[in-house]
Each structure stands twice: as structure tokens, then as C-alpha cells.
Amino acid sequence: MPTWNSRGLRGASLEELINVTNDKYREKKLALVQKIPTPIKPIKIDKETRHITLAYFDQKSTVDYIGIAQGYAIAFDAKECAKDTFPLANIHPHQVQFMKEFEDQKGISFLILYFSRRDVYYYLRYFEMQLFFQRVKEGSAKQFRFDELNPEYIIERKGLYLCYLDCLNKDLMERSIISES
């Protein structure tokens, strides 16, 4: 079982960037998005500082963030990779199931991916993610390449902020066009 010590800080810079962005969106009344804490079970606590020094993940979490943006329920996870390929194993089955159920309830679920080698952020729509998983079922690679992604869903970064709502708006426009057909 993974411990908080060994994996707790992985991806922290991406999450901090998203947290700052969410604060800005809240201040501008564009969205209200909360970070969902991963439930942990403390094992060792430093008695002097009362800090947890060792803990286990108590249960599987769903996604990193849940909220509402411009009247739409959103749920998303943040993932980081150092290469130009993203292993689908980094998206856990319980997360995929949660995202599916969220979409079934007319919510919008997605991933924010950070390709650190390129310093590029990407809004991976749920249905796009499902296409990659379908390929795996058909015997293809268990990953996808950066160059397979739709460049329209690259998230612009402005200083300390990620403009992921721009991609959400594109996603909503595409959904309404698709639903009208």
C-alpha cells in the first residue's frame, strides 16, 4: 500500500497552480472548485510538532477537484508526465468509473495533464480519454502520445494561472453542437 511519505508530493506544483487558478476563478465568480483531500490513516505522529510523519491512504479517492463552473458541475483530476507519452495506467479504474458516473449525471469530467518536458498543459475530455481506453481493449498500446491530442485543447497559462475554463467552454460548445445533431 502506498504511503503518504513516498508519493504525497508528486505533482504538487501542478496542483498548486490549479489551486491558485481556482482561487482566482472564485474571486471573479467564474467557478467554485474545491480540492478533494485524499483520505489518509495516520500511522506515526511526531509528538512534539503533532505532524503526521507516516500515513497510509485510507481509501481510494475519486478525482482531485469537484465544483461548479458557470452553472455546470465539473470534476477533474490532475496528472503529470515527464515524457511525450502518457501511460493510461496513471488513470485508475475507480477514477474512470467515477468520471463515467459523473458524466452520466450530466456533469463534465476531464483531466488536466501536464507534459513537463514540453511545459504544456492539456484538457483531456472524458470521451477523448475513453477513446484511448477503447484502443487498449482492441489490443493497441496502453498509452497515448502528445501528438495524438487535439491542439485546440491545450490550456493556455498566464503567469500563475491556467486558463482551463477556456477549454471547458470549447468543450461545452462542442457538446451542444453534437447534441443538436
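A few remarks follow.
- Neighbours by Cβ (under 8 Å, 6+ apart or cross-chain): first from region 39-53, more than 29 Å from residue 63 (Cα to Cα) and β-branched (Val, Ile, Thr); second assigned to a loop (DSSP other than H, G, I, E, B) and at pLDDT below 75: none
- Residue check for residue 142: under 19 Å from residue 79 (Cα atoms), more than 14 Å from the chain's Cα centre (by Cα) and exposed (fewer than 15 other Cβ atoms within 10 Å of the Cβ): yes
- The residue that is modelled with the highest pLDDT, counting only those in region 88-121 that are hydroxyl-bearing (Ser, Thr, Tyr) and over 10 Å from the mean Cα position of the chain (by Cα), is 121.
- The set of residues in region 130-174 being of a type in the set (A, V, I, L, M, F, W, C) and closer than 18 Å to residue 18 by Cβ consists of 154, 155, 160, 162, 163, 165, 167, 168.
- Residue in region 50-65 that is among the acidic types (Asp, Glu) and assigned to a loop (DSSP other than H, G, I, E, B) present: yes
- Every residue from region 80-131 that is surrounded by fewer than 16 Cβ atoms within 10 Å (Cβ to Cβ) and in contact with a Leu (Cβ under 9 Å, 6 or more places away or on another chain): 116
- Among (1) over 23 Å from residue 19 (Cβ atoms); (2) not in a helix (DSSP H, G or I) - the single one residue 114 does not satisfy: (1)
- Considered as a group, the residues in region 160-181 that are part of a helix (DSSP H, G or I) and among the polar types (S, T, N, Q) include one that is modelled with the highest pLDDT, and that residue is 169.
- Looking only at residues of region 71-87 that are among the aliphatic types (A, V, I, L, M) and within 13 Å of the chain's Cα centre (by Cα), we find that the one that is farthest from residue 172 (Cα to Cα) is 78.
- Just one of the listed residues (110, 102, 133) is within 21 Å of residue 154 (Cβ to Cβ) and hydrophobic (A, V, I, L, M, F, W, C), namely 110.
The values are calculated or read from the model by the stated rules, or taken from the named source; none is laboratory data. Bear in mind the structure is a predicted one, so any value in this text is a computation, not a measurement. Using ideal geometry, Cβ is built from the backbone for each residue, glycine included, and neighbour counts are taken over all protein chains shown.
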